[in-house]
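The values are calculated or read from the model by the stated rules, or taken from the named source; none is laboratory data. The model shown is predicted, which means the values in this text are computed figures rather than measured ones. Positions of Cβ are backbone-derived with ideal geometry, glycine not excepted, and every protein chain shown enters the neighbour counts. For the accessible areas, the whole protein counts, side chains as well, though only heavy atoms, and no ligand, DNA or RNA atoms are used. Shrake-Rupley method; radii C 1.70, N 1.55, O 1.52, S 1.80 Å.
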Amino acid sequence: MINEKLTEIIASLIYRSSVELPPDVMSALEGLAAREDSPLAAELYGCIFDNLKKAKELNRPICQDTGALQFFLKAGTKFPYLDDVEDSIREGVMRATERIPLRPNVVESFSERNTGGNVGTLSPWIEWEIVKNSSDLTVEVYMAGGGCSLAGRSKVLMPLEGYAGAVKFVFDTITEWGVNACPPLIVGIGIGACAPTAAMLSKKALLRPLGSENPNQKAAETEKRIKDGLNSIGIGPLGMSGKESVLGVNVEYAAHHPATLAVGLSVGCWATRRGKITVGADGKDGIEIKEC
Ligand code: SF4
């Protein structure tokens with residue numbers, strides 16, 4: 001069953017995320033553009049900012065590629081409408097697709113038919129995290145573009161490869177596939193016990209605001225060193241060369257098996273679209289927005 005208020009909140013969240021970049025991505029993009037001095041890079045950043053301005057003025061998506069929508073939830077065990085969340089998300093996606101409008105991007109696997117409403121089997125993908133003793137629900141949407149998803153990988157490294165192997169994996173993948181992902185890029189890296197864990201953590205790393213650093217000092221140093229290294233390659237805006245390559249590098253991790261280390265990589269493009277909202281029960285069998 002859908003919850004009408006939650007459905008509309010989700011449709012609005014998708015709208016806002018489609019039409020405007022998150023403030024941290026916008027500010028990182030402005031920083032990179034300001035540091036470029038080549039005429040080609042300046043021209044390309046000019047096109048990007050012109051595109052962003054027009055999208056905002058005309059209420060249109062900042063990119064034609066809707067991406068595949070993914071939702072990351074932090075659901076309080078006491079949030080009273082848990083049963084309605086999944087249906088409300090699916091309905092919110094369909095309403096947003098029609099209203100904005102968004103390009104219908106979801107193609108059913110094997111039949112290869114476009115469903116027309118950006119929903120399908122297990123799509124949008126919904127990742128649940130349960131929060132004890134909370135009555136709030138935080139919904140984060142991520143619109144995973146095709147080009148930037150192309151660079152996504154995860155791998156379990158051989159026992160002796162260690163962290164150097166993880167860094168090599170990131171550099172090998174970005175140097176081969178980064179230009180397809182509409183740079184400058186956000187690089188999310190996951191470290192964990194197996195390939196799916198590392199892959200999911202790498203996607204969650206893309207959700208962490210740019211400019212923040214991992215609280216673990218060694219992980220934070222790894223973020224900085226990989227960022228500096230990727231910037232020294234000079235991929236530049238849209239892969240046409242420039243002083244820098246990345247908007248940011250975020251690492252998230254879980255503990256791993258003593259013999260193996262898994263590394264996951266998710267990549268966001270210059271048009272990284274994500275948005276977040278927290279709602280709670282208003283005490284009168286309704287829902288109120290607590291933070292957005
Ligand atoms: S990779 Fe990003 S900017 Fe490029 S087409 Fe896809 S969504 Fe758009």
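Let me have the relative contact order for the chain, percent, based on Cα pairs under 8 Å that are six or more residues apart. Mind dumping the intermediate values first?
Working: 629 pairs, mean separation 71.0, N = 292.
Worked out over the chain, it gives 24 percent.
Length gained on full extension, Ala195 to Gln217: 5.5 nm, using 0.36 nm per residue less the C-alpha separation. Taking the 1.4 Å solvent-accessible surface of the chain as the whole, the part contributed by carbon and sulfur is 56%. When every Cα-Cα distance of the range 1-95 is counted in 5 angstrom steps from zero, the calculated P(r) takes the values 2, 11, 17, 18, 14, 12, 9, 7, 5, 3, 1, 0 percent.
Give me the tail of P(r) for the range 85-216 as a percent: Cα-Cα pairs with distance above 25 Å. Tail of P(r) above 25 Å: 41 percent of Cα pairs.
For the chain, the Kirkwood radius over C-alpha pairs fed into Stokes-Einstein at 37 °C and 0.692 mPa s yields D = 165 µm² per second. Using a Förster distance of 35 angstrom, determine the FRET efficiency expected from the C-beta separation of Lys78 and Arg113, and round it to 0.05. So, using R0 = 35 Å, E works out to roughly 0.30.
Computed from point charges on the beta carbon alone (+1 for Lys and Arg, -1 for Asp and Glu), the dipole magnitude for the chain about its Cα centre is near 280 Debye.
Just report the Cα centroid separation between the range 125-188 and the range 213-258, whole Å. Here the answer is 12 Å between Cα centres. Overall size of the range 146-268 from C-alpha positions, given as principal axis extents largest first: 41, 26, 23 Å.
Diffusion of the range 44-99 by Stokes-Einstein, at 10 °C in a medium of 1.306 mPa s and with Rh set to the Kirkwood radius over alpha-carbon pairs, works out to 112 µm²/s.
Of all DSSP beta bridges located in the range 146-268, what percent are antiparallel, nearest 5? Display every interim value, and only then the final one.
Numbers: 12 of 19 bridges.
Within the range 146-268, antiparallel bridges account for around 65 percent of the total.
Listed values for the range 126-142 are Karplus-derived 3J(HN,Hα) couplings in whole Hz (6.51 cos²θ - 1.76 cosθ + 1.60, θ = phi - 60°), namely 10, 10, 9, 10, 8, 10, 5, 6, 10, 10, 9, 10, 9, 10, 10, 10, 10, and x replaces Gly and Pro.
Tell me the per residue accessible area of the range 124-201 using a 1.4 Å probe; a whole number in Å² is fine.
On the way: 3490 Å² over 78 residues.
For the range 124-201, the per-residue accessible area is 45 Å².
Counting other Cβ atoms within 10 Å, keep those with at most 16, restrict to DSSP loop, and tell me which chymotrypsin sites (Phe, Trp or Tyr not before Pro) in the range 103-177 are left. Before the final figure, lay out each step's value.
Values: sites: Phe110, Trp125, Trp128, Tyr142, Tyr163, Phe169, Phe171, Trp177; in loops: Phe110.
Those that pass, being in a loop and sparsely packed, are Phe110.
Taking 51 Å as R0, compute the FRET efficiency from the Cβ-Cβ separation of Glu127 and Arg35 and round it to 0.05.
Details: r = 35 Å, r/R0 = 0.68.
So the FRET efficiency works out to roughly 0.90.
Restriction of the trypsin sites (Lys or Arg not before Pro) in the range 226-286 to DSSP coil positions whose beta-carbon has at most 12 other beta-carbons within 10 angstrom yields Lys284. Going by accessible surface with a 1.4 Å probe and the largest first, Cys292, Cys47, Cys269 read Cys292, Cys47, Cys269.
Calculate, for Glu8 and Ala259, the FRET efficiency according to 1/(1 + (r/R0)^6) with r their C-beta to C-beta distance and R0 35 Å; round to the nearest 0.05.
On the way: r = 50 Å, r/R0 = 1.43.
Efficiency at R0 = 35 Å is approximately 0.10.
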